[in-house]
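The values are calculated or read from the model by the stated rules, or taken from the named source; none is laboratory data. None of these values were measured; they are calculated from a predicted model. Glycine gets a Cβ as well: all are built from the backbone with ideal geometry, and neighbour counts include every protein chain shown.
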Amino acid sequence: MSKTILVFAESRNGALRRVALEALGAARRLAGKDGHVHAVLACFGGAADEAAALLARGADVVHIADDPALRAFAPEAYIAALGAAITAVRPDALLLGHTALGRELAPRVAAANGAGHIADVIAIETSDDGNDVLFTRPLYAGKAFERRSFVSGATWVITVRPNNLPATEPLDAADIKGTAAELPFTVPPLYTAVRSVVRRAGGQLDLAEADVVVSGGRGVRSAAGFEPLQAMATALGGAVGASRGACDAGYCDYALQIGQTGKVVTPQLYIACGISGAIQHLAGMSQSRVIVAINKDPDAPIFSVADYGIVGDLFEVVPLLTTELQRARA
């Protein structure tokens, strides 16, 4: 059974976030062979490159909402843009990334449209005829999983966790047949206004979308202790994260915090350095594909979830590993 799926294509600093392409891939599978996939971009000043990237990945129509109110994130303006796209497309489902922005928009849009909402989806299963769809999401910090579905006739609103679903592959130039169109909408009164944005962790890969994350805990002992971790992350093309203990101790900014009260990451490789493995931290990284733990304490709880463990001083082990990685890449 074919469906019409709408994707909210989130971008940052003029570039699509990878989770937008992952949501587009999920939309393509949900739509079926004869279905249609639409994408909506919220921006100010045009989004030709982002629209072209979406069309190259299989979007049938890209709706561009362009307005000064969308320069920075204003919930009311973004919801109005999404509402206009829903009215124009009449989709069977709306997909968003399970990001800070997606988590704010999805329940509001669902409530405004009387739609069902399933959040933090990590897997989608469809029957052969496409009529039955099951969505898997983690519970209790990844200790359990539930599979949910929507009742018949309901519009779906779904957020997908970054780094869990495959993104669509680029099409050959001859196969790109989609179009981009301006999306007219009315900006409602705004109750908040963003005057400026201060980026305290700029220049780094987004933790939620990084394939490799190297994290430090209280064992790094100081802000300078993160320098060897940054060198390893650079050698692996990854990002640096931290436990709450390291953030509370002032060793790094809270923007790097991973855990129950921080960011949830699911990289291909997670390297925990000097992290004991408290349950709050495990909640944010236990679903990583491969976990490597480096800790002086052989009884540290982190080893219970690690695929590989190294008992040793991180200040000795990490530089040695980094040197070997740099040699291998050279």
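Take the conditions (1) within 14 Å of SER286 (Cα to Cα); (2) of a type outside the set (S, T, N, Q); (3) free of Cβ contacts under 8 Å to residues at least 12 places away in the same chain; ALA224 misses just one of them, which is (1). Scanning the range 154-207 for residues that are over 21 Å from the mean Cα position of the chain (by Cα) and hydroxyl-bearing (Ser, Thr, Tyr), we see that the one that is nearest to HIS38 (Cα to Cα) is THR179.
The residue pairs whose first member lies in the range 314-330 and is closer than 16 Å to GLY217 by Cβ, whose second member is small (Gly, Ala, Ser) and not in a helix (DSSP H, G or I), and whose beta carbons are closer than 8 Å, counting only pairs six or more residues apart or on different chains, are LEU314/GLY216; LEU314/GLY274.
Within the range 95-128, the residues that satisfy the criterion of being of a type outside the set (Val, Ile, Thr) and under 12 Å from PHE150 (Cβ atoms) are ALA110, ALA115, GLY116, HIS117. Of all the criteria given as (1) assigned by TED's automatic domain parsing to the domain that holds ALA72; (2) touching a Phe, Trp or Tyr at 6+ places or on another chain (Cβ under 7 Å), the one not satisfied by GLY216 is (1). Under the condition of being surrounded by 13 or more Cβ atoms within 10 Å (Cβ to Cβ) and either among the polar types (S, T, N, Q) or touching an Asp or Glu at 6+ places or on another chain (Cβ under 7 Å) (or both), the residues counted in the range 182-196 number 3.
Just to check your reading of the model, which residue among ALA9, ALA15, ALA39, ALA23 is under 19 Å from the mean Cα position of the chain (by Cα), touching a residue at least 24 places away in the same chain (Cβ under 8 Å) and within 24 Å of SER127 (Cβ to Cβ)? Checking each option against the conditions leaves just ALA23. Looking only at the range 126-176, residues that are assigned to a loop (DSSP other than H, G, I, E, B) and touching a strand residue (DSSP E or B) at 6+ places or on another chain (Cβ under 8 Å) come to 11 in all.
Every condition in (1) at pLDDT below 95; (2) more than 25 Å from ILE124 (Cβ to Cβ) is met by GLY58 except one, and the failing one is (2).
When you look at LEU55, is it assigned to a helix (DSSP H, G or I), surrounded by fewer than 21 Cβ atoms within 10 Å (Cβ to Cβ) and touching a Leu at 6+ places or on another chain (Cβ under 9 Å), yes or no? Give the derivation first.
On the way: assigned to a helix (DSSP H, G or I): yes; surrounded by fewer than 21 Cβ atoms within 10 Å (Cβ to Cβ): yes; touching a Leu at 6+ places or on another chain (Cβ under 9 Å): yes.
When the stated conditions are applied, LEU55 passes them.
The residue that is surrounded by the fewest Cβ atoms within 10 Å (Cβ to Cβ), among those in the range 1-52 that are assigned to a loop (DSSP other than H, G, I, E, B) and of a type in the set (D, E, K, R), is LYS33.
Annotation note: of LEU314, LEU320, the sole residue that is modelled with pLDDT of 95 or more and either touching a strand residue (DSSP E or B) at 6+ places or on another chain (Cβ under 7 Å) or closer than 30 Å to ILE122 by Cβ (or both) is LEU314. Specify the residue that is nearest to ARG161 (Cα to Cα); the eligible residues are those in the range 3-13 that are modelled with pLDDT under 95 and touching a strand residue (DSSP E or B) at 6+ places or on another chain (Cβ under 8 Å). By that ranking, first place goes to SER11. Which residues, counting only those in the range 81-108, are part of a helix (DSSP H, G or I) and surrounded by 21 or more Cβ atoms within 10 Å (Cβ to Cβ)? ALA81, LEU82, ALA85, GLY102, LEU105, ALA106 - these are the residues of the range 81-108 that are part of a helix (DSSP H, G or I) and surrounded by 21 or more Cβ atoms within 10 Å (Cβ to Cβ). Scan the range 247-294 for residues that are of a type in the set (Val, Ile, Thr), part of a loop (DSSP other than H, G, I, E, B) and over 15 Å from the mean Cα position of the chain (by Cα) and the total you get is 2. Among the residues of the range 220-246, those that are assigned to a loop (DSSP other than H, G, I, E, B) and either more than 25 Å from VAL160 (Cβ to Cβ) or among the acidic types (Asp, Glu) (or both) comprise ARG221, SER222, SER243.
Per-residue answers, yes or no, for (1) closer than 23 Å to VAL19 by Cα; (2) surrounded by 14 or more Cβ atoms within 10 Å (Cβ to Cβ); (3) modelled with pLDDT of 95 or more:
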site: GLY202; (1), (2), (3): yes, no, no
site: GLU209; (1), (2), (3): yes, yes, no
site: ALA224; (1), (2), (3): no, no, yes
site: ASP248; (1), (2), (3): no, no, yes
site: ASP253; (1), (2), (3): no, no, no
site: GLY262; (1), (2), (3): yes, yes, no
